[in-house]
Structures are given as C-alpha cells and as structure tokens.
C-alpha cells in the first residue's frame, strides 16, 4: 500500500509542477489540474478508516472556506483557491500548518523576486532579447513588465506540497 500511496503522491506532484509552469506562463491554473489532484486522493480516502478520512475532509473544508474568502476579497486567484482546497485533502489538520507555513514563505520569496524584477529594469531587456523565456503577454513576466505586482502562487503551492509530501 505504501508504494501505491507514494505513486499517487508523485503523480499529484507532477500535475502540480505542470500547473505551476502554466501559472508562470499564463497566471492561470486550469480546473482540470484541481480536479485531478482531488481525484488522485480518492483511493486513499476510500480505503482509510472513517476517523482518518474525516480529518482529511476537515482540512479540505477549512482551506476551501478560507481561500474562498481570500478569493472574494481578491487576495487570491480562483485557480490558487481551488488547487489549494484539492491539495488540502492530502493533509490532516495536524499536517496543514506545516504545509501552509512553507507555502507562505515560498510565496513571500516569489513576492520579493517579483519586486526585484519590476524595479531592476531587466524585464524590457529580457523581452527584447529572449521572448521565448519572457513568455506570452498574459504571463507573469509580462504582467510585471506592465507594472502589475502579481505572484504565480502555483509555484509556492507546488514547492510546499513537495516538501510536505516527502
């Protein structure tokens, strides 16, 4: 059973990595990634005792409510809120604070990187010299170049999941 759970975690992490890349490229996390991360947990949920399963469901409910409030006040993107709620299924309430602390710290580092990139003047040069690296007009670097302060939180979420899973 341990190998099976490990393989599910690895597959979920691969999906999160792709979602994080998409978040950098387009500042968007598609619903398919959110649903897949939740669905991958279902075999674990259905084979767990009710007392354990209940804890995972409580984690997801707590994160869903908090991120829905953050989304309502435009503090979080919709994709971030959905992927976090789906990912919270993987954690018990005891594991959740560690995950959230790592995610918050990683998000803070991304925020500092965003500020440095905005103020450094390197973005127009990067756009002119390496448009493939710079990315599309709806991406993170283009948004920073236009003066927006945005963070692809999918990256912080993925990093926190990887560190918490393993």
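Each reported figure results from applying straightforward, stated rules to the coordinates on display, with no laboratory input. Not measured: the values here are computed from a predicted model. With ideal geometry, Cβ positions are generated from the backbone for all residues, glycine too; neighbour counts draw on all protein chains shown.
Here are a few things to note about the model shown:
- Note on residue 92 and residue 137: their simple-model spin labels are 5.1 nm apart, each label 7 Å out from Cα toward Cβ.
- Over the chain, DSSP H runs of length four or greater, each weighted -39,500 (n - 2.57), average out per residue to a 222 nm ellipticity of -26000 deg cm²/dmol.
- Fewest-first ranking of 158, 67, using other Cβ atoms within 10 Å as the exposure measure: 67, 158
- Residue 149-residue 3 FRET efficiency (beta carbon distance; Förster radius 41 Å; 0.05 resolution): 0.40
- With coordinates expressed along the principal axes, the C-alpha atoms belonging to the chain extend over 56, 32, 23 Å, beginning with the largest.
- The simple spin-label model puts a point 7 Å past each Cα toward its Cβ; for residue 53 and residue 14 those points are separated by 2.7 nm.
- Global dimensions of the stretch 1-74 from alpha-carbon coordinates: Rg and Dmax equal 14.3, 42 Å.
- Choice from 125, 54, 82 showing the highest fluctuation, given a GNM over the chain with Cα pairs closer than 10 Å: 125
- Residue 69-residue 120 pseudo-label distance in nm [points 7 Å out on the Cα-to-Cβ vector]: 3.6
- Sequence-separation-based contact order of the chain, relative, with Cα cut under 8 Å and 6+ spacing, percent: 31
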